[in-house]
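Right, one structure below, let's go through it.
The values are calculated or read from the model by the stated rules, or taken from the named source; none is laboratory data. Quick caveat: nothing in here was measured; it's all calculated off a predicted structure. Note that each Cβ is placed from the backbone with ideal geometry, even for glycine, and that neighbours are counted across all protein chains shown. Accessible surface is based on the protein model in full, side chains and every heavy atom, while ligands, DNA and RNA are left aside. Shrake-Rupley method; radii C 1.70, N 1.55, O 1.52, S 1.80 Å.
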Amino acid sequence: MKSVIKENDDCYVIDVEVPGAKKEDIDLKLEDGYLFITYTVKEDSTENYKYLKNERFFGKLKRSFYVGYDFKKEQIEASYENGILSIVLPKLKPEEKEAESKKILIK
């Protein structure tokens, strides 16, 4: 599973190759600052052939990336096209980061 992580002023973009997977077989989960990508490639059992050699991968793969907390979780977008899963994580602006902090009073 090859991946590329890019950044600009507005967002982070993670592109991950998931060849042979179908969109419905890909699962994305965000937990404790990590983005987890799990997908399953299923063997096409509709063919009536006896394989002499098969170099394709079939099974379940899992990949994780530490992405932290400095992005807008409710605006994360993901798309899948031609075997490439693209995930866009919009960055928080500096004033939004401060808004998420909280002063704790000592009693």
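When Tyr80 is tested against the conditions (1) out of contact with any helix residue (DSSP H, G or I) (no Cβ under 8 Å at 6 or more places or on another chain); (2) among the aromatic types (Phe, Trp, Tyr); (3) at pLDDT 80 or above, the lone failure is (1). When Pro90 is tested against (1) at pLDDT below 90; (2) surrounded by 11 or more Cβ atoms within 10 Å (Cβ to Cβ); (3) not small (Gly, Ala, Ser), just one condition goes unmet, and that condition is (1). Of all the residues in the stretch 66-87, those that are within 22 Å of Val18 (Cα to Cα) and open to solvent by less than 90 Å² (accessible area, probe 1.4 Å) number 10.
Residue count for the stretch 13-27, restricted to those that are outside any loop (DSSP other than H, G, I, E, B), open to solvent by 70 Å² or more (accessible area, probe 1.4 Å) and not basic (Lys, Arg): 3. Among the candidates Lys42, Lys62, single out the residue that is surrounded by 10 or more Cβ atoms within 10 Å (Cβ to Cβ), modelled with pLDDT under 85 and basic (Lys, Arg). Going through Lys42, Lys62 in turn, the sole match is Lys42.
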